[in-house]
Amino acid sequence: MNDYIPWQAEIVDIDIESPNTYLISLKPLEDVDFSYKPGQFVMVSVFGLGECPISITSSPTREALQLCVRRAGRITSGIMDSRVGDVLGIRGPCGNGFPLERMKRDILIAGGGSGFATLRSLINYIVDRRSDFGEVAVAYGARTTRDLYFMQEYKSWQQSGVEVGITVDIGDESWKGNVGLVTSLMDKFRLPPGSAAICGPPVMINAVASKLMERGFDHSEIYVSMERHMKCGVGKCEHCNIGPYHTCQDGPVFSYDKVKSVL
Ligand SMILES: Cc1cc2nc3c(=O)[nH]c(=O)nc-3n(C[C@H](O)[C@H](O)[C@H](O)COP(=O)(O)OP(=O)(O)OC[C@H]3O[C@@H](n4cnc5c(N)ncnc54)[C@H](O)[C@@H]3O)c2cc1C
Ligand code: FES
């Protein structure tokens, strides 16, 4: 597979996760050797518009390749305005993904906003390989109930022994759950220090990581998925640098000790 040439994938299903976020299932139209890890991303092209990085939200333990796309500008709108049967270009998988072997222990997964799309891949991977991991807790926060993703999956995660806490910044009359920051959920979990995966806005990453370190987590065992502006996705253009690292190749997953100074 050539890193620079997109292969074609057909959109086979589109689910609406929130008013401005769609879950898109793809089927490769070419015979590509596509294997990936939770935490990796692909460069998605809309022919005639350009390409942008999108995390793989499906788990490699399941069949479909899925992307969860939030409308931001021209290219994400081009992806979301596509229909079932339309064809997108895909390069990748790109980036490093989560270090799964090191994470096979008790694990806390914390997501804020659209960053939760990346973590869904990891959660479903763990659910499908449950005996490889210890205690697992998921803390997820969104702005409002309308912004919560993957609601139809929380029950199956719980049935697999994953503790799931959900919170929103602003509740409404139908919402009986927690209102507040993701960190407000973490006091409810009695998870011993282990590994952690975080994806969300920098302020949320720092707040969750600080709380975990107070509880004895080591900063090198807290893994953070970082978003940076990207162009090439393969370490050539220097658009995505964080200090000495190319986020597209050395990341997007970094241990917290490596990136905390830029968060
Ligand atoms: C590793 C990685 C994984 C990503 N995963 C997803 C995903 O799963 N789903 C998803 O919907 N989006 C994801 N994004 C963000 C997505 O790539 C951007 O929203 C997209 O490039 C915007 O392009 P556009 O042409 O639609 O909008 P533009 O018109 O280019 O930009 C619209 C707005 O988004 C901002 N923006 C653009 N790119 C980024 C970026 N990389 N990080 C932060 N802000 C940005 C711009 O500054 C501008 O304010 C990811 C980005 C990275 C780097
Ligand atoms: S996006 Fe070009 S070097 Fe990372």
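Every read-out reported here was derived from the displayed coordinates using simple, explicitly stated rules and does not represent laboratory data. Note that the structure is predicted; figures quoted are calculated from it, not measured. Glycine gets a Cβ as well: all are built from the backbone with ideal geometry, and neighbour counts include every protein chain shown.
Seen from a random direction on average, the alpha-carbon convex hull of segment 42-99 projects onto 4.5 square nanometres. Here the dipole of segment 24-127 is about 360 debye; that uses its Cα centre as origin and unit charges on the Cβ of Lys and Arg (positive) and Asp and Glu (negative).
Compute the signed sum of charges (Lys and Arg +1, Asp and Glu -1) over the other residues within less than 11 Å, Cβ to Cβ, of V138. Around V138, the surrounding residues sum to -1. A Cβ-based charge dipole, computed about the Cα centre of segment 74-144 with Lys and Arg at +1 and Asp and Glu at -1, lands at about 120 debye.
For the chain, lysine pairs separated by 8 or more sequence positions, or belonging to different chains, with Cα-Cα distances below 23 Å total 17. Placing unit charges on each Cβ (+1 for Lys and Arg, -1 for Asp and Glu) gives the chain a dipole about its Cα centre, and among V162, Y125, L26 the Cα reaching farthest toward its positive end belongs to V162. Applying the criteria of a DSSP loop state and at most 15 other Cβ atoms within 10 Å to the chymotrypsin sites (Phe, Trp or Tyr not before Pro) of segment 22-95 yields F47. Here the relative contact order of the chain, from alpha carbon pairs under 8 Å that lie six or more residues apart, stands at 18 percent. Note on the chain: dipole from Cβ charges, positive end direction compared against G115, V259, G235; the farthest Cα belongs to V259.
Placing a label point 7 Å from the Cα of V32 along the Cα-to-Cβ direction, the residues of segment 79-101 whose backbone N falls under 18 Å from that point are 79-80, 82-97.
Under the criterion of Cα pairs below 8 Å and six or more residues apart, the relative contact order for segment 67-152 equals 29 percent.
Restriction of the GluC sites (Glu not before Pro) in segment 127-182 to DSSP coil positions whose beta-carbon has at most 13 other beta-carbons within 10 angstrom yields E173.
Quote the Stokes-Einstein diffusion coefficient, in whole µm² s⁻¹, for segment 1-145, based on the Kirkwood radius over alpha carbon pairs, a temperature of 37 °C and a viscosity of 0.692 mPa s.
207 µm²/s
Each DSSP beta bridge with both residues in the chain is either parallel or antiparallel, and the antiparallel ones are about 60%.
Evaluating 6.51 cos²θ - 1.76 cosθ + 1.60 at θ = phi - 60° for every residue in segment 77-84, the Karplus couplings come out as 5, x, 5, 6, 7, 6, 10, 4 Hz, glycine and proline recorded as x.
Taking 30 Å as R0, compute the FRET efficiency from the Cβ-Cβ separation of E214 and T61 and round it to 0.05. E between E214 and T61, to the nearest 0.05, is 0.35. The stretch between D13 and S261 holds 85.2 nm of extra length on full extension. This uses 0.36 nm per residue minus the Cα-Cα distance. Ordering T76, S58, V138 by Cα displacement along the dipole of the chain toward the positive end leaves V138 in first place; charges were set at the Cβ atoms of Lys, Arg (+1) and Asp, Glu (-1).
Placing R0 at 25 angstrom, the Cβ-Cβ distance between V203 and K231 gives a FRET efficiency of 0.40 after rounding to 0.05. Once the Cα atoms are used to define both axes, helix 116-128 deviates from the longest principal axis of the chain by about 80 degrees.
Given contacts defined as C-alpha pairs under 8 Å and at least six residues apart, what's the relative contact order of segment 107-262, whole-number percent?
Result for segment 107-262 is 21 percent.
Under the convention that each Lys and Arg Cβ holds +1 and each Asp and Glu Cβ holds -1, the size of the dipole of segment 145-197 around its Cα centre is about 200 debye. The label-point distance for Q158 and R83, in a model that sets each label 7 Å from Cα toward Cβ, rounds to 3.9 nm.
If you line up the long axis of helix 202-214 against the longest principal axis of the chain, both from Cα atoms, how many degrees apart are they, to the nearest 10? Approximately 40 degrees, to the nearest ten.
Size estimate for the chain follows the Kirkwood approach: the inverse of mean 1/r over distinct Cα pairs works out to 18.7 Å.
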